[in-house]
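Enquirer: There's a structure below that I have some questions on.
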Amino acid sequence: MHESFLRHERWRYLKAAVALCALAIAVYLWHDPLDGPNGGTWLGYALGTLGALLIVWLAWLGVRKRRYASNLGTVKGWVSGHVYFGSALLVIATLHTGFQFGWNLHTLAYALMVLVVASGVWGVVAYARYPRLITDHRAQATREAWIEDVLDLNERAIQLADQISPDVHRFVLRGAERVHLGGSWREQLLGVRGDGGKGEMQALTEILRKKLTATGAERAAVADAEQIILLTDEKIMMSERDPAIERLKQLLELLTRRNDLAGRVNQDVQMHARLQIWLYLHVPLTAALLAALTAHVVAVFLYR
């Protein structure tokens, strides 16, 4: 049975992290310095040293993951420890500060640490949620295959529209050019905005409705109709012998499939973006934290 990295070795690292936090809190409550808790007491230095070592060890995970022949534990064990001791770091570092904050380098290092932990928490949530959703969403298909199908359906729809009328051809061509896949990082994270082709479908549906109901002179104006009116399946079935109406029905089916696939592609892109965005934040923030931590330690020993 597959074991999650969170449950690794029967929650070994969760138990160790909880024990570490409990011990740190107990000593902090027992310690009663004359000038109040702060990073300059013996306990403050001890917690600060422990926190700095934890940060360096946590950052080392990126190196360990690339050393496949290493005997220093399994990657799953390292990831499990990374998650739980990273969360414990928040407690250790906060106790180290003695809850004294200000507009200085030391608070900057603390703020960066909080951001690193927060981005790491999002990473855990994302990797627990999105891989399964992506697998279920794709149903053994691939994004590349979907995109090829969208392009193929676009081409077939344009060719079919050309057989109906110049106005419908221009209209479908404009719709094909507006099909939006992916987009900027903001669109990938929040989802592509727009009606998903609904306006185009509703307008073509109105053209078909008018073809089903128009007589005489009314049929001459059908190609320009772009109002929003829904069809019923009963009316479509009544006119199967009309070649023009049959082509419109085929066109609507092609566009429905195209819009559905385009929506699937964009949803797949969105889930991947939400899965990966934490890494683009976590790694740079970790590098910034290491730099701020170094400056914090140097400043403490130079100006204490």
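Enquirer: Tell me, Glu177, Glu253 in order of fewest to most beta-carbon neighbours within 10 Å? Kindly include the intermediate steps, with their values, before the conclusion.
Expert: Details: Glu177 9, Glu253 13.
So the ranking, lowest neighbour count to highest, is Glu177, Glu253.
Enquirer: Short version: ³J(HN,Hα) in whole Hz for each residue of region 12-22, in order, from phi by Karplus 6.51 cos²θ - 1.76 cosθ + 1.60 (θ = phi - 60°), x for Gly and Pro, what are they?
Expert: Calculated HN-Hα couplings, in order: 3, 6, 5, 4, 5, 5, 5, 4, 4, 5, 4 Hz.
The numbers here are math on the coordinates, done by the rules we state, and not lab data. Quick caveat, the model's predicted, so the values are computed rather than measured. Methodologically, a virtual Cβ is constructed for each residue, glycine included, from the backbone with ideal geometry; neighbour enumeration extends over all protein chains shown.
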